[in-house]
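J.: Questions regarding the structure given below will be posed in turn.
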Amino acid sequence: MMAYDLKLKRVCDYIQQHLDEPLNLQRLSEIAGLSRFHFHRIFYAHLGINVMKYTQMLRLKRASFQLVFNHELKIIDIAFNSGFDSPEAFTRAFKRSFDQTPSAFRTEPNWQNWHTKFVYFTPKSELDMNVNIIERPLEKIAYISHLGSPEKVFETAAKFIEWRKRTGLSPVRKSATYGIPFSDPEQTPEQEFRFDIAGSIDKPFAQKDDGIKIGEIPAGRYAMIRHLGSHDQIRESVYFLFRNWLPEQQEQAGDYPVFFHYHNFVHEVNEADLITDIYLLLK
């Protein structure tokens, strides 16, 4: 990686890990090891966004997930948690960024428009990942299939969360939560993209017409790596398995999609604290 990439990655990681704390240009330039005068210019030149706007967008991103996936959390509390002095200031910033007020976004989020607001470049980490081979038993799951635009996956996720809460089946605190992409969204036509959102179950249930089905994750030997941090960079970890690890092994990929086991969730922790295990079935 280039020298500036390493410095800026260190700053971006620090910001993500300290969203609940006051952050200023002086402190962030010290983290980067650059003078304050040069730091903000270098940050903008590499990421395409100034550092304080980047910080605000990360806070508003977290707020977006809290609005949609945690209805128990009041908007006023989300505003203060996002570093704003008042709900009014939060509402103005949120609407300016996403073209919806927080209350409108909570009721009917426009995820496609939301995704267009995060177009800046984020420095990538150097991948030095440990791959473990483990045996997994067959696991029964409840799942819902998202078909279509990858930018609308959160809409389908919200339906699955609501089903879990309403039925008490596959309770989130006692069950595993999975994401199962059937293809790379960047390599697949939008109309052909499929992503299943799933939760483990310990007994079958009557399937209705709500889109929730019963399936299974097959037993077998799996290569597993742990991805730490934002799901936005998870494809780099997947590619590491296929591009770096698999060619060096006497192994072949099995007939099941790579899938993700989410240990925590974007509306509960900062993106920097997300933990996701990635599984690849082996023949």
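Derivation of every value follows stated rules applied to the coordinates shown; laboratory data play no part. All figures in this text were calculated on a predicted structure; none of them were measured in a lab. Neighbour counts are summed over all protein chains in view; Cβ atoms, including those assigned to glycine, are modelled from backbone coordinates with ideal geometry.
J.: Quick one: Cα centre-to-centre distance for the stretch 248-283 and the stretch 8-77, in angstrom?
T.: Value for the Cα centre distance between the two parts: 26 Å.
J.: By the gyration tensor of its Cα atoms, with a ≥ b ≥ c the square roots of the eigenvalues, what is the shape of the stretch 49-202: rounded for a/c under 1.5, prolate for a/b over b/c, or oblate?
T.: Working: a/c = 1.79, a/b = 1.41, b/c = 1.26.
Judged from the Cα gyration tensor, the stretch 49-202 comes out prolate (a/c at least 1.5, a/b above b/c).
J.: Mind putting a number on the dipole of the stretch 238-283 about its Cα centre? Charges go on the C-beta only, +1 for Lys and Arg and -1 for Asp and Glu, and I need it in Debye to the nearest 20. If you can, show how the numbers build up before the last one.
T.: Details: 2 positive and 7 negative charges, 43 e Å.
About 200 debye.
J.: Give me the mean projected area, in nm² to one decimal, of the convex hull enclosing the Cα positions of the chain.
T.: Over all viewing directions, the chain projects a mean Cα-hull area of 16.2 nm².
J.: What lysines does Lys213 reach when the alpha-carbon gap must be under 18 Å and sequence neighbours fewer than 8 apart in one chain are set aside?
T.: Output for Lys213: Lys140, Lys159, Lys165, Lys203.
J.: Report the charge-dipole magnitude of the chain in Debye, nearest 20, computed about the Cα centre from +1 at each Lys and Arg Cβ and -1 at each Asp and Glu Cβ.
T.: Computed about the Cα centre, the dipole is about 540 debye.
J.: Could you give me D for the stretch 3-115, from Stokes-Einstein at 20 °C and 1.002 mPa s, where the hydrodynamic radius is the Kirkwood radius over C-alpha pairs? Units µm² s⁻¹, please.
T.: 143
J.: Could I ask something else about it? Which listed residue (Leu169, His231, Ile214) has the Cα farthest towards the positive end of the charge dipole for the stretch 132-281, taking +1 on Lys and Arg C-beta and -1 on Asp and Glu C-beta about the Cα centre?
T.: Leu169
J.: Give the residue list of trypsin sites (Lys or Arg not before Pro) in the stretch 3-97 that are DSSP loop and have at most 15 other beta-carbon atoms within 10 angstrom.
T.: Here the trypsin sites (Lys or Arg not before Pro) that fit, given the DSSP loop and packing criteria, are Lys74.
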